[in-house]
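Q: Handing you a structure now.
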């Protein structure tokens, strides 16, 4: 026969459960004030300066002239107390696309989310909302890239009726509207669809909720799209 837990243990459990129930609405309520923020260092730069820092980092990456020193043990200890990333980057999960390297950034500087096809699903949107609303990140960049396999799969599905099993089909469905937009445009369909997909994801993030719309309209937040060329390493802006 299973023994009953001590009364004190049951009471402690009930008290903890009640506290968790009371706390839950606050944790999931809208607005950054309900979530404890442990920001590190000064407030982030403005949207335009944040974008300039990204592009300057990419220029160093292309030239092979890495200058970043924010990857040391001292920096690791510094950001352990909190984070203030100056930009959030939604990138593809492709192993050849690493935003911290592409933009020559250090620990605590970029809030990175990655998923195949850089699509803006619910989990990604929630992550970006956290970066913007809680951490105060002033820039969100959606980064598409050349030779994207997820976009290629969506092209196959749209143009030839190819079917994909498992949750890959979810990715394909999310990217299909970009393929539809790119069809008929001059040039390479894969490149055009990839660019359209990045712009669509950026548009969805910028309008995901009223708070993001307000911040964009006030100029406190910029949501942009970019295209990364695997061969040259260069990032070009799309929006």
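The values are calculated or read from the model by the stated rules, or taken from the named source; none is laboratory data. Quick caveat, the model's predicted, so the values are computed rather than measured. Heads up, the Cβs are rebuilt from the backbone with ideal geometry, glycines too, and the neighbour counts pull from every protein chain shown.
Q: Where residues in segment 171-190 are part of a helix (DSSP H, G or I) and without any contact (Cβ under 8 Å) to a residue 24 or more places away in the chain, which of them is nearest to residue 114 (Cα to Cα)?
A: Among those that are part of a helix (DSSP H, G or I) and without any contact (Cβ under 8 Å) to a residue 24 or more places away in the chain, it is 172.
Q: Shifting gears a bit: What do you reckon, is residue 152 outside any strand (DSSP E or B), without any contact (Cβ under 8 Å) to a residue 12 or more places away in the chain and touching a helix residue (DSSP H, G or I) at 6+ places or on another chain (Cβ under 8 Å)?
A: So residue 152 fails the test.
Q: Continuing with the same structure: Looking at segment 214-225, is at least one residue in contact with a helix residue (DSSP H, G or I) (Cβ under 6 Å, 6 or more places away or on another chain), assigned to a helix (DSSP H, G or I) and crowded, with 18+ Cβ neighbours inside 10 Å?
A: Yes, segment 214-225 contains a residue that is in contact with a helix residue (DSSP H, G or I) (Cβ under 6 Å, 6 or more places away or on another chain), assigned to a helix (DSSP H, G or I) and crowded, with 18+ Cβ neighbours inside 10 Å.
Q: Going by the structure shown, is residue 117 touching a strand residue (DSSP E or B) at 6+ places or on another chain (Cβ under 6 Å), surrounded by 15 or more Cβ atoms within 10 Å (Cβ to Cβ), touching a residue at least 40 places away in the same chain (Cβ under 8 Å) and within 17 Å of residue 94 (Cα to Cα)?
A: No, not satisfied.
Q: Just to verify a result, which residue in segment 46-70, among those that are surrounded by 13 or more Cβ atoms within 10 Å (Cβ to Cβ) and at pLDDT below 90, is farthest from residue 106 (Cα to Cα)?
A: 68
Q: Now a separate question. Here is a list: 27, 101. Which entry is more than 27 Å from residue 225 (Cβ to Cβ) and either out of contact with any helix residue (DSSP H, G or I) (no Cβ under 6 Å at 6 or more places or on another chain) or modelled with pLDDT of 95 or more (or both)?
A: 27
Q: Within segment 163-181, can one find any residue that is under 23 Å from residue 98 (Cβ atoms), surrounded by 15 or more Cβ atoms within 10 Å (Cβ to Cβ) and in contact with a strand residue (DSSP E or B) (Cβ under 6 Å, 6 or more places away or on another chain)?
A: No, the conditions are met nowhere in segment 163-181.
Q: While we're here: Could you grab me the full set of residues in segment 71-97 that are at pLDDT 90 or above, under 29 Å from residue 206 (Cβ atoms) and out of contact with any strand residue (DSSP E or B) (no Cβ under 8 Å at 6 or more places or on another chain)?
A: Scanning segment 71-97 gives 82, 84, 95.
Q: What are the residue pairs meeting all of these: first residue in segment 191-220, first residue farther than 26 Å from residue 171 by Cα, second residue surrounded by fewer than 19 Cβ atoms within 10 Å (Cβ to Cβ) and at pLDDT below 95, Cβ atoms under 8 Å, and 6 or more apart or on different chains?
A: These pairs meet every condition: 211/30; 211/31.
Q: Across segment 123-149, which residue is surrounded by the most Cβ atoms within 10 Å (Cβ to Cβ) among those that are more than 14 Å from residue 212 (Cβ to Cβ) and either within 10 Å of the chain's Cα centre (by Cα) or without any contact (Cβ under 8 Å) to a residue 24 or more places away in the chain (or both)?
A: Here the answer is 141.
Q: Which of (1) farther than 21 Å from residue 86 by Cα; (2) under 16 Å from the mean Cα position of the chain (by Cα); (3) part of a helix (DSSP H, G or I) is the odd one out, the single condition residue 202 does not satisfy?
A: (1)
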